[in-house]
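Worksheet for the structure shown next.
The values are calculated or read from the model by the stated rules, or taken from the named source; none is laboratory data. The model shown is predicted, which means the values in this text are computed figures rather than measured ones. The protein model used for the area step is the full one, side chains on, heavy atoms only, and it has no ligands, DNA or RNA in it. Shrake-Rupley method; radii C 1.70, N 1.55, O 1.52, S 1.80 Å.
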Amino acid sequence: MPSEAARPRSDGISLAPRRLKPISIFPRKPAMPYQQITVNVNDAVAERLADALMEHGALSAAIEDAYAGTQNEQAIFGEPGMPAEQIWQQSKVIALFGEHDEAAAIIQIAAQECGLKDLAYTGETIEDQDWVRLTQSQFDPIRISDRLWITPSWHEVPEGSAVNLRLDPGLAFGTGSHPTTRLCLKWLDTQLKNGESVLDYGCGSGILTIAALKLGAGFAVGVDIDEQAVRAGKDNAEQNNVDAQFFLPDGLPQGQFDVVVANILANPLRMLGEMLAARTKQGGRIVLSGLLDEQAEELGGIYSQWFDLDPAETEEGWARLSGTKR
């Protein structure tokens, strides 16, 4: 997981930057087709406007970066030491209304409540469709290597002789689509030895814990600060028929591991170095990701207190560090 730099991460974890902040995920009543209204506002009023639109009849409302997908995109990261609630300086509120709702009147009322005058907006018609099928169509199997694939449950396995992880997009980070996850999966695919014990610290969906077991680990444990991630990990392990264990940090049993993987944000990695080193056996190995490539040197300097580090591996601006404990 990344740190403070302005580069987005989009496949979702509790500590990841937000590209979308949902106020309500699903419409409260059926309507075909829908009216979708987009309003550009600043950070001082975006959340109040979204809430007001919902209160006066919008079926859903979401807040996005007004510059998403451009060089001016503003990444937001929920790292320790940063404000828990952040929002983009220039945002757009996207509201969904029923076909016959008085969207213009609702927008005017909501704008007045927020102290906004002459609020400009754009609108378009969104035809009703099979939203589940549409969502599923956006997630194809992901090839990590010749022998390792990440495959959603609704897809046929693309390579029957490969190691296939059955994993669906969910509330916890880790579907294999982000470079940080792929960098860790590639390390496990090429470097993990049969029978080794693995600690996945900041496990999200449990993808690395599960992958480790399917690639030959003798024992694998996932840890996350988010209870939803712990539940997601257990569900995903069951779906993949592996015996993985998942804990909140306080519940992690004592002991050391042959391999410690931490795909988390830069600030936590700065603070957790001593603890992660203590969890790694002498001669064991550590894998760190979630770093921007320009952060690798700094984090390498911290972890070199305990580990002999290999040169950083990078992908699409992200970095992975690995090394052996002295």
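Maximal additional length on extending the GLU124-GLN282 stretch stands at 50.8 nm, based on 0.36 nm per residue less the C-alpha distance. Pairwise Cα distances in region 202-326 exceed 16 Å in 61 percent of cases.
Each Cα pair under 8 Å and six or more residues apart adds its separation to the average, and for region 167-307 the resulting relative contact order is 22 percent. Stretching ASP146 away from GLN256 to a fully extended chain increases their span by 36.5 nm, per 0.36 nm per residue minus the current alpha-carbon distance. Taking only the C-alpha atoms of region 267-326, the Rg (one decimal) and the largest Cα-Cα distance, Dmax (whole number), read 10.7, 32 Å. Amide H contacts under 5 Å for ALA66: GLN90, SER91, LYS92, restricted to partners 5 or more places along the chain or on a different chain, H placed in the peptide plane at 1.01 Å from N.
Solvent-accessible surface of region 225-294, taken per residue with a 1.4 Å probe and all protein chains present: 46 Å². Residues whose amide H lies under 5 Å from that of VAL260, counting only those 5 or more places away or on a different chain, are LEU199, ARG285, ILE286, VAL287; hydrogens are built 1.01 Å from N in the peptide plane. Note that region 144-150 has calculated 3J(HN,Hα) couplings of 8, 7, 4, 10, 10, 10, 10 Hz, one per residue in order, obtained from phi through the Karplus relation 6.51 cos²θ - 1.76 cosθ + 1.60 (θ = phi - 60°); glycine and proline are x.
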